[in-house]
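To start, the structure itself, in structure tokens.
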Amino acid sequence: MGPQPLVAGVGSWTADSLPLIGGLPAATIGAILLVAVALLVAAGLLSRDGVLPILVGFTVIAVAFYALPTRVHERYLFPAFTSGAVLASVTVAGAAGYLVTAALNAINLHAVLAAPLGFAGVGGFGRPGAGFRGPRGGFGPGPGGPGFDPGTAVASIQLPLAELARSPLVATAVAVGQTAVMVGLVVLWLLVLYGAGEPPSSPAHSREMSAQGS
């Protein structure tokens, strides 16, 4: 959120060309972080295999693909909930983290769905009589008919607590919480890689158990 919209007239997004660290724009920093996390996961999977590393690694990448780049949609986080559900079933801490992540995402989705959806004034796209009106209605160019006009047909979706979900305080809390989830998953990945012992499903662990049995 910010005073300089990324798309004129739609929302209030700060441009990701804003310099942040060492003169690098936010978009570049986000891309660098995503590549760094991807390389960290790939390098880890080359050294440790098994069900647990694959599940954690996939979850880290899924969340990173949503949390680190600057131009993403809320739906990008959905894949993380598939593998995250398996991880959440193992420990109470995992289940708590899963529920917190789900709650943060629900609040974020609520804020987005409650935002105004009209596009009037964006390059003339939403002018009455323009846009997708067809000669007999429906989609297509041309005047007349009860066609879909995105500038006037949809103004907003009325949802309860919309203003609260879109308030700066809640938006900041969601952003900080989702960042904490990303950091926590990276820490979990490092623990999986360098923690004591081998994952129970790994070949090294199986060889160790076979050696002890013999």
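Nothing in this text is a laboratory measurement; each read-out follows from the coordinates by a stated rule. Every value quoted in this text rests on a predicted model; they were computed, and no experiment measured them.
The gain in end-to-end length when the Ala106 to Phe81 segment is fully stretched comes to 7.8 nm, 0.36 nm per residue minus the alpha carbon separation. Computed over the alpha carbons of segment 59-107, Rg followed by Dmax gives 10.8, 33 Å.
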